[in-house]
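Colleague: Have a look at this one before I ask anything.
Derivation of every value follows stated rules applied to the coordinates shown; laboratory data play no part. What you are looking at is a predicted structure, and each value in this text was computed from that prediction instead of being measured. FYI the Cβ positions are ideal-geometry reconstructions off the backbone, even for glycines, and counts take in every protein chain you see.
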Amino acid sequence: MQIYKVGGAVRDRLLGKPVTDIDWVVVGATTEEMLAKGFRPVGADFPVFLHPKSGEEFALARTERKSGRGYGGFTFHASPEVTLEEDLIRRDLTINAMAEDDQQNLTDPYHGQRDLEARLLRHVSPAFAEDPLRVMRVARFAARYSSLGFTVAPETMDLMRQLSESGELEALTAERSWKEISRALMEDQPQVFIEVLRECGALKVLMPEVDALFGVPQPEAHHPEIDTGVHTLSVLEQAAKHKQPLTVRWACLLHDLGKGLTPEEEWPRHIAHEHKGLKLIKAVNERFKAPKDCQELALLVGKYHTHGHRALELKPSTLLELLQSFDVYRRPQRFEEFIAACEMDARGRKGLEQRSYPQADYLRGAANAARTVAVQPLLEKGFKGPELGEAIKRERLKALKAYKEAASA
Ligand code: CTP
């Protein structure tokens, strides 16, 4: 049997990037031989094994034929006769379809190295279409490598467009899609992921609520960039620049969905878009089974981001409601993430990227003021049950009034 390093490990070494995961392909071996060497099978029907010591993935060279729609619809053909070239031709991109032996000799039948130099994300063969998830993968690689100058080859964009129109994307499972989305959002240029999905028509299928924001105007006085879709991309870009976590980036992407519902005759204003957007945010959250913390923050940011921007003008009672909604007493981190998302929203406006956001410290100070209210003295006064709750609220309101007065003095 011959063993080769393949995929991302070869690509990233040639790009001079750190290599974390190594995938291997094994040519000329049978399942029985692999098991005899102590490799552990990953799944019953899947010709992939884990190395007994390193845990790295070793796949038997295989060809893949599609037998049904969506994931789980694959059948694999793996046998000792499948050659390295036959294995590589069914992979997604030429830059991912190179192999290397233990002497670092490169096998590159589909010119991955040439495309690396040309900074092109190009599909290897029509077999690309066997896995519609690759549309999202290409958009993710575009996000990752755009700062190096990579773009999607026009013929690959065409194929992605055909796949998006074919209805195949709808068959992807939430789990596979979310894995791509979450990884793409954590890249340095996550907005490129959305741009590429939009360009090939996949955004309209995957997240029509986000796609609908393009072409929707906002008032120029607050939003010099005008277009809501452009604004959303800038907010995402700012979130990545400021190294925000996934929760914040997800909330940034979805915060303005309500603006896509505004009747044209109301443009460029978007009255109550925060509230109107909630059902859309919920739908996107559920479509991709986003983790609970992402779902929760997206809904809260959707509902309250305008409160965040207007923090300094809010009445103490409204400020209190906001703090209560976030349960800042037990969930301080979540409120910090809300503040971060609001700040990214404010910075994601053309020409205003560097403007300071005093609302952030003001909101932090308000949360601290409300937190200083001690429960013990109220218990000692004999408050219990719902009355205790009311008494705590009254004290917090007092603290917030004092805080606001001190801040505006
Ligand atoms: N691959 C593919 N189609 C997929 C998934 C994977 O063709 N839908 C192939 C590609 O050759 C890829 C390799 O399997 O390079 C390994 O896949 P994976 O580990 O998911 O990606 P990497 O290319 O290693 O990229 P990353 O750095 O994002 O992990």
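Colleague: In the stretch 200-228, what count of residues is obtained for those that are of a type outside the set (D, E, K, R), in a helix (DSSP H, G or I) and in contact with an Asp or Glu (Cβ under 8 Å, 6 or more places away or on another chain)? Full working, then the answer.
Modeller: Keep residues of the stretch 200-228 that are of a type outside the set (D, E, K, R), which gives 200-203, 205-208, 210, 212-219, 221-224, 226, 228.
Applying the additional criterion that residues be in a helix (DSSP H, G or I) yields 202-203, 205-206, 208, 210, 228.
Next, only the ones that are in contact with an Asp or Glu (Cβ under 8 Å, 6 or more places away or on another chain) stay: 203, 205, 228.
Result for the stretch 200-228: 3.
Colleague: Output the residues belonging to the stretch 81-96 that are of a type in the set (Ser, Thr, Tyr) and either part of a helix (DSSP H, G or I) or within 12 Å of the ligand (Cβ to nearest atom) (or both).
Modeller: Within the stretch 81-96, just 94 meets the criteria.
Colleague: Right, another one. Restricting attention to the stretch 186-228, report how many residues are buried (at least 22 other Cβ atoms within 10 Å of the Cβ) and of a type in the set (Gly, Ala, Ser).
Modeller: 1
Colleague: When the residues of the stretch 136-185 are narrowed to those that are among the β-branched types (Val, Ile, Thr) and either surrounded by 19 or more Cβ atoms within 10 Å (Cβ to Cβ) or more than 13 Å from residue 206 (Cα to Cα) (or both), which ends up nearest to the ligand (Cβ to nearest atom)?
Modeller: Initially, the stretch 136-185 is screened for residues among the β-branched types (Val, Ile, Thr), giving 138, 151-152, 156, 173, 181.
When the remaining residues are screened for being either surrounded by 19 or more Cβ atoms within 10 Å (Cβ to Cβ) or more than 13 Å from residue 206 (Cα to Cα) (or both), the result is 138, 151-152, 156, 181.
Values: 138: 10, 151: 18, 152: 15, 156: 13, 181: 13 Å.
Selected residue: 138.
Colleague: Only residues in the stretch 102-126 that are over 24 Å from residue 196 (Cα atoms) count as the first member; pair them with residues that are acidic (Asp, Glu) and assigned to a helix (DSSP H, G or I), Cβ under 7 angstrom, at least 6 apart or cross-chain, and list the lot.
Modeller: Once the first residue is over 24 Å from residue 196 (Cα atoms) and sits in the stretch 102-126, its partners that are acidic (Asp, Glu) and assigned to a helix (DSSP H, G or I) give 109/85.
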